[in-house]
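**Q** This is the structure, below, for whatever I ask next.
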Amino acid sequence: MNRLRERGSVVLLVLALAAVFVGAALLTVDVTLFLAGRAQAQVAADAAALAAAPLTFSSDDALEAAASIAAANGARLTRCDCDRNATWARRTVVTTVEIPLRLTVLPDISASATARATFDPTRLHR
C-alpha cells in the first residue's frame, strides 16, 4: 500500500514539473517574440527615416514615403519630423513606428522604435 501511495506522489511531482517546464517554455517564446518584434520595429524606423531624409530637400512626399516604407516592414508610422526644407542646410529626420505583437501567454502589446537619419544636401554635388 505504501508503494502505491509513493507511485501516486511521483506522478503528481512529474506533472507539476511538466507544467513548470511548459510555462517556462511559453514565457521564453513570448520573450523571443517581443525581442524579434522590437528588432523589426527598429528596422522599419531606420528604413522610414532613410527613405524620408533625402525627400525633404526636393518634394513634399517625405511623410508619405516614410509611412509607405514603415508599412512595407509591417509597422505603422506614428511620428515623422520630416518637413520640407529646400535650403542647403543639413537636416535630421526623426521617425517613430509601432508594431503590434501577438504573444502566447502574456497580453498582446506593441513594440515601438525611433530612428534618426541625417541628410546633407551639399553632398549631392560631390
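**Q** Rank these for me by crowding, ASP83, ASP46, going from fewest to most other beta carbons within 10 Å.
**A** The order, fewest Cβ neighbours first, is ASP83, ASP46.
**Q** Moving to a separate point now. In deg cm²/dmol, rounded to 500, what helix-only [θ] at 222 nm does the chain give when every DSSP H run of at least 4 residues adds -39500 (n - 2.57) and the total is split over its residues?
**A** Calculated mean residue ellipticity at 222 nm is -18500 deg cm²/dmol.
**Q** Something else about it: Could you run the Debye sum over the Cα atoms of the chain, one equal point scatterer each and no solvent, and tell me log10 of I(q)/I(0) at q = 0.10, 0.12, 0.13, 0.22 Å⁻¹, two decimals?
**A** Each listed q maps to, in turn, -0.48, -0.57, -0.63, -1.08.
**Q** Which of PHE34, PHE21, PHE57, PHE119 has the fewest other C-beta atoms within 10 Å, and how do the rest follow up to the most?
**A** Fewest-to-most Cβ neighbours within 10 Å comes out as PHE21, PHE34, PHE57, PHE119.
Throughout, read-outs are computed from the coordinates displayed, never taken from laboratory work. Predicted, not measured: the structure shown is a model, and the values here were computed from it. No Cβ is skipped: glycine too gets one built from the backbone with ideal geometry, and neighbour counts run over all protein chains shown.
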